[in-house]
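No value in this document is a laboratory result; all are computed from the given coordinates. This one's a predicted model, so the numbers in the text were calculated from it and none came from an experiment. Cβ sites come from the backbone with ideal geometry, for glycine too, and all protein chains shown count toward neighbours.
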Amino acid sequence: MVRGTIKVRPITTIVTIIIIIIISSQPSTTILIFGHHPWYLYDEEEDVDTMTGSCEWKSNIIPDSYFIIPKHRRKVVFELFRKYNVSASFAGHFHQNLVTETSFGMKMIITGPLSAILESSGKKNTKNSNINNENDNDNDKDEIVTEPNTQGLRVVEVLDDGSINHEFVTLSI
């Protein structure tokens with residue numbers, strides 16, 4: 001029987017590094033990262049002190065900076081992502097759908113919730129899309145792809161050539 005209180009500390013960076021080391025030792029062509037917190041929202045160079053957008057929830061204002069991993073922490077991890085050619089990183093936490101791409105070609109795919117839906121005032125240069133394909137030449141790295149801001153889940157398919165297809169599927173809850 002367990003007694004007392006268990007304290008949980010955020011270990012996202014440590015776990016991600018361990019996962020990359022394990023995966024990179026395997027003969028794999030596609031590396032995908034899954035986590036709760038997005039590394040960034042709109043631009044890989046953004047940081048908590050440069051973000052201006054916010055969301056409202058139950059009469060509270062939540063700054064967009066609350067949702068990301070600070071730049072000084074993700075910089076170290078992004079060096080590994082670049083080195084091992086990570087294809088995509090999937091996250092949630094933001095309660096909205098966003099798809100962006102880093103300067104080194106990694107997709108940052110943020111999937112909306114099955115619970116409360118938020119809308120950020122920080123979204124910019126967006127284009128709407130329901131399906132985001134790694135091979136889609138219409139995706140401009142400077143644009144942020146938004147999908148329906150509703151409850152749902154993401155279906156991800158890794159193809160034989162190592163590329164990925166992903167689609168946000170709206171659920172009627």
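The residues packed around CYS55, meaning those with a beta-carbon under 9 Å from its beta-carbon, carry a net charge of -3 if Lys and Arg are +1 and Asp and Glu are -1.
Segment 79-95 and segment 106-120 have Cα centres separated by 15 Å. Of LYS58/LYS107; LYS83/LYS123; LYS83/LYS107, which sit over 21 Å apart, Cα to Cα? Cα-Cα > 21 Å for LYS58/LYS107; LYS83/LYS123; rest within. On the principal axes of its alpha-carbon atoms, segment 60-118 has extents of 39, 22, 15 Å, going from largest to smallest.
Placing R0 at 25 angstrom, the Cβ-Cβ distance between LEU153 and SER59 gives a FRET efficiency of 0.30 after rounding to 0.05. Taken one residue at a time, the phi angles of segment 153-164 give Karplus couplings (6.51, -1.76, 1.60, θ = phi - 60°) of 9, 10, 9, 10, 10, 9, 7, 4, 7, x, 6, 10 Hz. Gly and Pro are set to x.
With 0.36 nm allotted per residue and the present C-alpha distance subtracted, the ARG73-ALA116 stretch has 12.7 nm of extension available. Note on LYS123 and VAL169: the model spin-label points, each 7 Å out from Cα along the C-beta direction, lie 2.2 nm apart. Summing +1 for each Lys or Arg and -1 for each Asp or Glu among the other residues whose beta-carbon sits under 10 angstrom from that of MET106 gives 0.
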